[in-house]
Each structure stands twice: as structure tokens, then as C-alpha cells.
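Colleague: Structure in C-alpha cells, see below.
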Amino acid sequence: MSEALNQQQVAIIRSMGGLVFDAVFEEIHEADLEVTDNPVETGVVVSDHAFMKPLRVKISAGVSDTPLAAVTDDPFASDAGRSRRAFELLTELQRRAEPFDLQTGLKLYENMVCTSIRTSQDKDSSGALLFTAELREVIIVYTQVVTYPPRKPGATKRQAGPKKDKGEQQGKEVTNSAEKKSLIKKGADALWGKK
């Protein structure tokens, strides 16, 4: 039982790309599965017709010029410009558009980018940065180049032979029906590869 109590006492330090928050007011986590609108035949694996959309997080948090608990490795030590520097870091994270890690109370998100930042200040919050940030996962894929052995020279069965120059040809008029049927049959045989 003491092991369970120790696990409950672990504090999760919420952070975003190196910025540690003093307070988190709300976290909204979104995970959506997109399913195709096309009908799926019975017996088919449904997961072949669905995919996970990028994860999204909306977080409302604050950074103060005078935090209640000083974090020893926090690069934003307590001073009058701490909230301003935190805002500069937030906007720089967004401007660079490079994926970073986001630690929330529920999980560690990797490869996130900041899509939106909203903040306001008034007379009561001039010594703090209170903001809402929206973040979205960037799905990163890795490609692999595969080299196939070169093809053997020569024509495949479906390739045509080289063109032959037969000069200018004059068409002839076909008058009787037997000859017409014969020409149609020859054309169909040629189309389907029969000799």
C-alpha cells in the first residue's frame, strides 16, 4: 500500500518545449478516429478503412513573475520579466514550427506544434502570463529507398515490336458483307492478340 501512496504523491511538472508552467487551469485532450463513409463489406478488416487523426491538445496555463514554488532547473527564475520571456518563448515555438514535447497531466505528447496562442492582460494580471495554447501532433513518417535489380533487356510479352515503315497506304472500299465480317474479325483478333 505504501508503494501506491508513493505513486500518488509524484508531481507531474507540466511543460511545453522547455517552458515550465506555474499553473495549469484546464487541459482538453482530443483524439479522433476517422472512418471512411464508404460501406464496408462483411468479413473485411474495418481498421483498413479507418485512421487516427493527429492528436490535439488545448491547454490554459499561467506563468508568473513571482512563482509560488521555484523550480531549480527552470531557466525562468523569479523576476519581473519572467512572464514576458515566457510569452517570447511561446511565440518563438509557434514561429519556428518545429515539433517539440508537451508534458500534460495525462501523458507526454511528442512531435507537437503550437497552432494558436491567446492571451490577455489587465490590471490584475500584469505580473503574469495567462494564456491558452492549441497544439496539434505532427505525424512523421520515414521513407526507405529500395533498389530493385535492373530489368533484363528484351521485350516483354505485351510490348509491341518495332514500327515498320510501310510507306503511304491507300485504303480500299469494302462492299460485300462477308468481307466486312472478315475485316471486323481480323480487327478483333488483333485487338485481343489472337493470330
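The values are calculated or read from the model by the stated rules, or taken from the named source; none is laboratory data. As the structure is a prediction and not an experimental result, all values here were calculated from the model. Cβ atoms come from the backbone with ideal geometry, glycine included; neighbour counts cover every protein chain shown.
Colleague: Please identify the pairs in which a residue from the range 24-48 that is under 30 Å from Gly62 (Cβ atoms) has its Cβ atom under 6 Å from the Cβ atom of a residue that is surrounded by 10 or more Cβ atoms within 10 Å (Cβ to Cβ) and charged (D, E, K, R), counting only partners at least 6 apart or on another chain.
Modeller: Every condition considered, the pairs that remain are Val24/Arg14; Ile28/Lys58; Glu30/Arg56; Asp32/Lys53.
Colleague: With respect to Thr115, determine if the residue is in contact with a His (Cβ under 8 Å, 6 or more places away or on another chain) and either farther than 15 Å from Ala61 by Cβ or buried (at least 16 other Cβ atoms within 10 Å of the Cβ) (or both). First the steps, then the outcome.
Modeller: Details: in contact with a His (Cβ under 8 Å, 6 or more places away or on another chain): no; either farther than 15 Å from Ala61 by Cβ or buried (at least 16 other Cβ atoms within 10 Å of the Cβ) (or both): yes.
Here the answer is no, as Thr115 does not meet what is asked.
Colleague: Let me ask something else. Tell me the strands (runs of 3 or more DSSP E) entirely within the range 38-109 that contain at least 3 residues that are hydrophobic (A, V, I, L, M, F, W, C) and modelled with pLDDT of 80 or more.
Modeller: So the answer is 50-52, 56-64.
Colleague: Sticking with this structure for a sec: What number of residues within the range 20-52 satisfy the criterion of being surrounded by 11 or more Cβ atoms within 10 Å (Cβ to Cβ) and of a type in the set (S, T, N, Q)?
Modeller: Adding up the residues that qualify gives 1.
Colleague: If you check Asp101 against the conditions, is it closer than 20 Å to Gly81 by Cβ and of a type in the set (Asp, Glu)?
Modeller: Judged against the criteria, Asp101 is not a match.
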